[in-house]
Structures are given as structure tokens and as C-alpha cells.
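*Asks:* Encoded as C-alpha cells, here's the structure I'll be asking about.
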Amino acid sequence: MFYGAVVWDPWLIVAQILLLQCLYYLTLGLFLFIFVGTRVSRMNLMYFFDYSTVTASTITGWCVIASFMLSSVAGAGYLLYFTERAKKCLDFSATLYILHLFICIIYGGRPSSAAWWILNATGLALMALLGEYLCIQRELREIPITRRLGV
């Protein structure tokens, strides 16, 4: 599709949001399994959605923080392939983190930990800015034009 010929398609937008959310949680689950799963006896949803697990005072807390940050980096890659436009990266990143906030509120109550808020604000900024950078790099690539010279 040409960039100037944008058609508003709400089903595509909803599908992109759901795909991004699912991929983010799959990636987060993978990183939590790798980093936190080796440290705890039982993994559960608490590490995804409970603000009390995000702490800088324990090694496990640092592993949770690392998992969230690496998931944000992976999310920037997902933005590159599924949204494809730099100007949409902030919108999709903010939507992902707002939905995550609502899920966290439903699961464990309103987050009262400063570490949780700092982690999610940093993750949002990292995902949006890195996603925009990657999309801009793709948009600025030269379009290869092959020319057949008549000899």
C-alpha cells in the first residue's frame, strides 16, 4: 500500500493491537521462564501482573525487571514488522502498556510500587523510541531501481 493512500480499517488496528499484546506476553513469558523460572520453585501469573514482584532489592526482582526490559526491546521489533510506520509506534506502545496496566489492576490492585511505575514508563519509552528508530531506518532505505540499458 502506498503511504499516501491510507484507509482507516478498525479491524486491522484491533488485530494489530491484539497481535502485539499476545506477542509481548509470549516474549515476556519466555524471558520470565529463562530468568525467573530458574530461581523460583513455581512460576505463576504473579510475575506477569503483580506489582510486588518488581523490586530492586532481590535478585529475583532484578530478573523480573530484566525480563520486562528485554520484552520491550522485542516489542520494538514487533512494531517494525506489524505496524511498519514510525508515527504509529508510540500509539501502539502506549496502548499495550495501558492494557497491561488495566490487567494489573484487575489482577492485583492498583500498583503502588514506584519501581513498577518506573519500569513500565521506561519500557514504554524504550519500545516506542526503538520501534520508531527501526521503522525510520526501514523507511529511509533506498528503493532499488534496476535499469536495463539497451545495447
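Rule-based calculations on the coordinates, nothing more; no lab input. Since the model is a prediction, treat every value here as computed from it, not as a measurement. Here the Cβ is made from the backbone with ideal geometry for all residues, glycine too, and neighbour counts use every protein chain on show.
*Asks:* How many residues are in a helix (DSSP H, G or I), hydroxyl-bearing (Ser, Thr, Tyr) and in contact (Cβ under 8 Å) with a residue 40 or more places away in the chain if we restrict to the stretch 59-84? I'd like the intermediate steps shown before the answer.
*Replies:* Our first condition is that a residue be in a helix (DSSP H, G or I); within the stretch 59-84, this holds for 59-82.
From what is left, the residues that are hydroxyl-bearing (Ser, Thr, Tyr) are 60, 67, 71-72, 78, 81.
From what is left, the residues that are in contact (Cβ under 8 Å) with a residue 40 or more places away in the chain are 71-72, 78.
The total comes to 3.
*Asks:* Continuing with the same structure: What tally of residues in the stretch 85-141 results from selecting those that are surrounded by 14 or more Cβ atoms within 10 Å (Cβ to Cβ), part of a helix (DSSP H, G or I) and polar (S, T, N, Q)?
*Replies:* 4
*Asks:* Mind listing whichever residues of the stretch 16-58 are closer than 16 Å to TRP116 by Cβ and in a loop (DSSP other than H, G, I, E, B)?
*Replies:* Initial filter on the stretch 16-58 (closer than 16 Å to TRP116 by Cβ): 28, 32, 36, 45-58.
Hits for the stretch 16-58 are VAL36, LEU45, ASP50, VAL54, THR55, ALA56, SER57, THR58.
*Asks:* Within the stretch 18-57, can you find the residues that are of a type in the set (Gly, Ala, Ser) and in contact with a Pro (Cβ under 8 Å, 6 or more places away or on another chain)? Before you say what the answer is, go through the steps one by one.
*Replies:* Initially, the stretch 18-57 is screened for residues of a type in the set (Gly, Ala, Ser), giving 29, 37, 41, 52, 56-57.
Scanning the stretch 18-57 gives no hits.
*Asks:* Looking only at the stretch 27-45, count every residue that is surrounded by 14 or more Cβ atoms within 10 Å (Cβ to Cβ) and touching a residue at least 60 places away in the same chain (Cβ under 8 Å) and tell me the total.
*Replies:* 0
*Asks:* Restricting to the stretch 89-106, name every residue that is closer than 18 Å to ALA15 by Cβ and touching a Gly at 6+ places or on another chain (Cβ under 9 Å).
*Replies:* Result: CYS89, PHE92, SER93, LEU96.
*Asks:* With respect to PHE102, is the statement that it is under 18 Å from the mean Cα position of the chain (by Cα) and in contact (Cβ under 8 Å) with a residue 60 or more places away in the chain true?
*Replies:* no
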